[in-house]
Each structure stands twice: as structure tokens, then as C-alpha cells.
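**Q** A single structure is presented below for examination.
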Amino acid sequence: MIPEEYIALEDRFGANNYHPLDVVLSRGERVWVYDVKGVKYLDFLSGYSALNQGHCHPRLVKVISEQAGRLTLTARAFRNDQLPLLCREICELTGFDRILPMNSGAEAVETAIKAVRKWAYTVKGVEPDRAEIITFENNFHGRTIAVISCSTEPQYKANFGPLTPGFPVVPYGDIEAVKRAFTPNTAAVLIEPVQGEGGIIVPPEGYLKQVGDLCCAHNALLILDEIQSGLGRCGKLFAHYYEDVHPDGVIVGKALSGGFYPVSALLARDELMRVFKPGDHGSTFGGNPLACAIAREALRILLDENLPQRAHQLGDYFMDRLRSIKSRHIKEVRGRGLLIGVELVPQAGGARRFCEALEKEGLLCKETRENVLRFAPPLVIEKDELDWAFDRIKPVLESL
């Protein structure tokens, strides 16, 4: 079949809830992908940072094959031999006391919301059904009903009501607004250390520490959504490692499986996680042996190949190169590690047309917030491959 036939089939039988670039991919290896005609592209999106370890990492191919031939699912009605090992390894790596594994990132966010609310009622003493979780403008935590209730993107909420109460929203980066938002009913603050879907927004230096101090002062929890920014993407294992901040919980996903399988988790201190009792929460597939085996190897790859350090070094190098581009279209280049945003001026005509132009040059990326180009290649990328990308990005931004 030719690409147009695949596209026609998807348009005819699939739900119209995405607007992808019209490239039909069939194979991937490391940082490169190939369409159904064999045309080669450099992946500069990494599955929204799920592919930090690159496409089809051979160690993950081996693990998924071996585990799939042994045992894939027990549900949590029974125990399996992979979940305890993942629990120990990820807690020792991150310093948290406990892990609750789920599948998608949105599920892990919902898990955190439930844990925080129960903690508010059973530990802090908030009146029933009055708990609040402070969130931030331009956030993105998923697309479930509870999560879109705290979104400030109108399309995410339109015609999906009634929405879930209990999510006051404040401007990102404004510490005075956070101070004003605290009330006796505040259970937690839920925040991204770097806003990915919001346009690669990096908060002011020291901001997360100030938010954490406010949580301590008000006996509230600090929950960090590191689904996109974590696991090496921003140049450290977690993006919040740039500051002296100690969250009560961290939400992870995406690269936790290296792009092989939906795996997510809430990592938390003992006091928070112990609010859950048998029957309070669960998932048929959460913590299944296949997922756990993949996650264990994905974490080992991050460490063995020094991917956070690579992201830090290569990210600084690439942002410096991007900032050298002289283009009337560019407003700002910003980011951390290899999570980089090029914000365009409104007069540029939107970021999508630049993505489409780059596709024709063999580079795949995606727009976010209409005017931002997101550059987030797999962390296994080499310096010469970044230079290859730059040689295509520069003329597109200068001449389009």
C-alpha cells in the first residue's frame, strides 16, 4: 500500500482526534525512522519523550521477547516475580519509599489525585469533599475528565462537562500567586518542573524550591509531574534535580518503558502511599510482569549509557547553535537538556508550516501551543546527527 492509502483508511475508520503529519512510518532504529516507501527521517520528537532510549533498543527488544515468552499478565490478584524487583530498584534509584505502577501517564496522574485527596481527609483533616489541589496555567497532565478540569486550554474542556471541582489554577512562575492560592483546604500543589505541552516553559530559578517551602509551611503535599521532563530528558534523572526541592510524590511514565509498552507510576513517600488500602485503587494491567521487566531494563539503559548526562551536554550544545540562527520568525529559544522549544513570533504564521517544511527535509518534529517548535530527539543521538538536523532547521527558519 502507498502512504495515501494508509492515510485514507485511518481517516475513514479512525476517530478524528489527532492532526498528525502525513508521514506513514513502518520501521525505526535508534534516532532514525523509515516510512512505508523506505524514506528515512530523523525523529526529533521521540514519541513526546517516550523514546529517550531510542527506537527499538536491542536490549529492550531482547527483554520484551524473553518475558513475553514466560509470563505477561497475572493481574494483581496474584503476585509475580518482576514487580517486587522493579519496586526495589526504582525506589533505590529515586529515593522514594514506595511505587504504585499504572499504565498511561494520565492514569498515574489520577492515581496521585486520589492519593492526595485521601491524605487530605484522613491525615490533614480537611472537611469531606473540600480538598483542593493547586495547578498552573498552560499545564498538561493528560486528558481524563478530572485532569482536563484543571486545564486552561479551552478546547480540552469544551463540551466535556460537568467538570471536576477542586483545582484552583494560578499563573506558572508567579510565586505570589501561589501564596495567595493556599487555603486550609489545600491538599497539594501539582506542577510540571518544565511545562512540555505548554510550550517548553522553564520556571524562574529557585521557583520550585519556593513552591516546596510553601507546601511545607501550609502542611500541603508537593506532587511533581515528570512524565515528559523526567528520566533523563532535561539533563538530569529528574528535572527537579536542578533545585533543592524534595517532593512528596513524583509521577513518571513515557520513557519508563523506552517506548515499548504503556508503563507509568506514582513514586511517593511512605506517609502518602500508605493511605491506599486494598480495594481503594488498582488496574488490571498495572504492575504486570511484562511491563515491569521492560521498565527495569529501560532504567538500566538510562544509567548504563549515561543518557541524562548526554542530554545535558548535547542540549546545551544544540541550544547554543539554535540561538545563532538569525531569523525574523524566532522569538526565543529555551529548554533544558534535550527538551527544547523554539517560540516563533505570531507573524510567523504558526509552527505547523515549519514542521511540514522540515518533514520534506527529512526531519520530524511537532508544533505545540501553535507557535512553538518542539525539538526532543532520542537521548542516544550523536553530535553529528544534531549537526545534520541543524543544517536543515537553519535554512527553514531563515527562508520560509
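**Q** Please state which of the following conditions residue 261 fails to meet, knowing it meets all the rest: (1) within 16 Å of residue 287 (Cα to Cα); (2) out of contact with any Leu (no Cβ under 7 Å at 6 or more places or on another chain); (3) hydroxyl-bearing (Ser, Thr, Tyr).
**A** (2)
**Q** Name the one entry in 264, 229, 283 that is within 16 Å of residue 90 (Cβ to Cβ) and among the polar types (S, T, N, Q).
**A** 264 is the lone residue from the list that is within 16 Å of residue 90 (Cβ to Cβ) and among the polar types (S, T, N, Q).
**Q** Looking only at helices (runs of 4 or more DSSP H) that fall completely inside the stretch 279-381, which ones have 2 or more residues that are under 25 Å from residue 102 (Cα atoms)?
**A** In the stretch 279-381, the matching helices (runs of 4 or more DSSP H) lie at 289-304, 307-323.
**Q** Quickly run through the stretch 102-129 and pick out the residues that are within 26 Å of the chain's Cα centre (by Cα) and not in a helix (DSSP H, G or I).
**A** 102, 103, 104
**Q** Scan the stretch 186-204 for residues that are without any contact (Cβ under 8 Å) to a residue 60 or more places away in the chain and either part of a loop (DSSP other than H, G, I, E, B) or of a type in the set (Ser, Thr, Tyr) (or both) and report the count.
**A** Summing the residues that are without any contact (Cβ under 8 Å) to a residue 60 or more places away in the chain and either part of a loop (DSSP other than H, G, I, E, B) or of a type in the set (Ser, Thr, Tyr) (or both) in the stretch 186-204 gives 5.
**Q** Among the residues of the stretch 241-254, is there at least one that is within 11 Å of the chain's Cα centre (by Cα), more than 30 Å from residue 185 (Cβ to Cβ) and outside any loop (DSSP other than H, G, I, E, B)?
**A** yes
**Q** Considering only the stretch 205-223, state which residues are surrounded by 20 or more Cβ atoms within 10 Å (Cβ to Cβ) and either within 21 Å of the chain's Cα centre (by Cα) or assigned to a helix (DSSP H, G or I) (or both). Spell out how you get there, then give the answer.
**A** The first filter runs over the stretch 205-223 and keeps only residues surrounded by 20 or more Cβ atoms within 10 Å (Cβ to Cβ), leaving 208, 211-212, 215, 220-223.
208, 211, 212, 215, 221, 222, 223, listed by residue number.
**Q** Tally time: how many residues in the stretch 138-172 are on the phi > 0 side of the Ramachandran plot and surrounded by fewer than 16 Cβ atoms within 10 Å (Cβ to Cβ)?
**A** Total satisfying the criteria: 1.
**Q** Go through the stretch 180-196 and report how many residues are out of contact with any Asp or Glu (no Cβ under 6 Å at 6 or more places or on another chain) and surrounded by 21 or more Cβ atoms within 10 Å (Cβ to Cβ).
**A** 9
**Q** Could I ask something else about it? Go through the stretch 138-185 residue by residue and tally those that are within 23 Å of the chain's Cα centre (by Cα), farther than 21 Å from residue 250 by Cβ, assigned to a loop (DSSP other than H, G, I, E, B) and among the polar types (S, T, N, Q).
**A** So the answer is 3.
**Q** Moving on. When you check residue 177 against the structure, is it over 23 Å from residue 230 (Cα atoms), assigned by TED's automatic domain parsing to the domain that holds residue 111 and surrounded by 19 or more Cβ atoms within 10 Å (Cβ to Cβ), yes or no? Break it down stepwise before answering.
**A** Numbers: over 23 Å from residue 230 (Cα atoms): yes; assigned by TED's automatic domain parsing to the domain that holds residue 111: yes; surrounded by 19 or more Cβ atoms within 10 Å (Cβ to Cβ): no.
Here the answer is no, as residue 177 does not meet what is asked.
**Q** From the set of residues in the stretch 100-133 that are farther than 15 Å from residue 249 by Cβ and polar (S, T, N, Q), which is surrounded by the fewest Cβ atoms within 10 Å (Cβ to Cβ)?
**A** Going through the qualifying residues, I end up with 122.
The values are calculated or read from the model by the stated rules, or taken from the named source; none is laboratory data. In this text the structure is predicted, and so the values were computed from the model without any measurement. Please note: Cβ atoms are built from the backbone with ideal geometry, for glycine as well, and neighbour counts cover all protein chains shown.
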